[in-house]
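Notes follow the structure.
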């Protein structure tokens, strides 16, 4: 419990007041970590999860408290005459005590539920990081797509000028027309891509808790940080770090304590108290102990006579525990499958980056330059040039897509494993 409260104090400064925080500004040089930091400061869903954790932590101090003591007062409308005098009024004080160990178990169960709320907050934070990374890299890919398409469009326009010159020298008009068709197709594609900017920017702004029409520059670079764990290490780390599994572990522990509480509540509870009776003077002068006020010690035993409801409470707690155990087993298998899929996507994107970035894009650009030179000198027809241009465009787009996909897969892996050892840009994942 002390650890929970210390962590709450540690991160409260970064989250409290997030709803009213000023929207952050970004530049093309802002990387994905800048966007994630802004989202963690300003996202209301994360703030809500944090406040739920704080609320759950406050329940622990309530769980181990004794029931409220009772103070009673009685006034005798008709005084009760005794040998020592009439009893006029009575004051009482009592305190109830549950069976031994119940309060401790309730406190531990509340601590487990607070821990579960903490892991729910951690899950929300990791989910937010992955969502920001996905939206950021989708936006990055769109920017790269527009840039590459515009470059190819400018290239075709230059080639159209060459074809116009060839046509002026007696060359075929068909070459000019075919290039104009290709230019029109790329212009339509570019317009469609440009029209996608607003919805993608609106989605990213919504995750950052900014106005959906707030300006967002094109990101200059994707996240190039590599995952340092291999798949087997990541699978082992799931048990110790995945916040969803840890949350379910805490709920299972809480359910076990609830079962113990249900058993103990079938045992008697008791109350201790004291009463003081105010007594007037005796009617007969000289009566020994005249007007003496008696003090009475009391003990009350609460007998749990109706056993059926207590047995039902025990069964209910056991069913809840078993349900949490089954839920955890199911979720662990699903998370392992999701992690396997994320590692495949990460490796596949890495291979494509290597293939397109270091080989195919370079070769396609060289082929394009050779085809252009051959066309200018009349050694090749236009079709070969158009094919080379299309292939270059396709490879450049696939390279940009692979960069975005690798970063998104890395964010998904980090979300599933909960945390990661320090990373660098030089490491690679084990195949």
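Observations
- R0 of 41 Å, Cβ-Cβ distance residue 158-residue 127: FRET efficiency to nearest 0.05: 0.30
- Ranked list, fewest to most other Cβ atoms within 10 Å of each Cβ, for 53, 99, 218, 306: 306, 218, 99, 53
- Principal-axis analysis of the Cα atoms of the chain puts helix 382-417 at an angle of about 20° to the longest axis.
- The angle between the Cα long axis of helix 197-207 and the main principal axis of the chain comes to about 20°, on a 0 to 90 degree scale.
- FRET efficiency, 1/(1 + (r/R0)^6) with R0 30 Å, evaluated for residue 48 and residue 316 via beta carbons: 0.55
- The chain, helix-only ellipticity at 222 nm - DSSP H runs n ≥ 4, -39,500 (n - 2.57), divided by all residues, nearest 500: -23000 deg cm²/dmol
- Taking 310, 73 and counting other C-beta atoms within 10 Å, the order from fewest to most: 73, 310
- Nitroxide proxy distance, nm - points 7 Å out along Cα→Cβ at residue 369 and residue 174: 3.1 nm
- Here's the picture: a label point sits 7 Å out from the Cα of residue 189 along the beta-carbon direction, and within the range 373-404 the residues with their amide nitrogen under 19 Å of it are 382-404.
- A full extension of the chain between residue 64 and residue 212 corresponds to an added length of 48.6 nm, given 0.36 nm per residue minus the alpha carbon distance.
- Counting 0.36 nm for each residue step from residue 306 to residue 387 and taking away their Cα separation leaves a gain of 20.5 nm.
- At full extension, residue 271 and residue 355 could sit 22.4 nm farther apart than now, given 0.36 nm per residue minus the alpha carbon distance.
- Paramagnetic reach from residue 165 (point 7 Å along Cα→Cβ, amide N under 11 Å) across the range 375-397: 376-377
- Between residue 27 and residue 290, the C-beta separation translates, for a Förster distance of 60 Å, into a calculated FRET efficiency of about 0.05.
All of the numbers you see were taken from the coordinates with simple rules; none came from a lab. Remember, predicted model here, so these are calculated numbers, not experimental data. Cβ sites come from the backbone with ideal geometry, for glycine too, and all protein chains shown count toward neighbours.
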